[in-house]
Amino acid sequence: MKNSKVQHLVEKLNQVLTPEEIDTLFGEACVRYEWLRFKVNGANIERVAVIYDADPYASVNKDHLSEKFELFTSIKCFAGGLDTKNLPRLGRMLYNTYFAGGAS
């Protein structure tokens, strides 16, 4: 992994959690992220502004944040539709692909 700060965290995870616990954690994080994106669950321009470290009320950011908000809320859900049996598998795929020596 190229990002040494993240690699350090991954090493800590591996020391403290079992592979099954890591799978569950990453799978649940995927779902929570998708839930965050749903307008009915509170997705709003202010939350997107926090992600981009921008003032949502500054006129200079208005158009830019509006575009980002549309992208944030328009992509269809996948993880939120998985049952509890398959969710850890998504977590394992995410972990293996991006944190356990895969892409960074």
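No value in this document is a laboratory result; all are computed from the given coordinates. Not measured: the values here are computed from a predicted model. Using ideal geometry, Cβ is built from the backbone for each residue, glycine included, and neighbour counts are taken over all protein chains shown.
Brief remarks on what is shown
- Ratio of Rg to Rh over the chain (Cα coordinates, Kirkwood Rh, two decimals): 1.06
- Distance-filtered residues of region 19-52 - backbone nitrogen under 17 Å, label point 7 angstrom along Lys12 Cα→Cβ: 22, 25-26
- Extension gain (nm, one decimal) between Thr97 and Asp63, 0.36 nm per residue minus Cα-Cα: 8.8 nm
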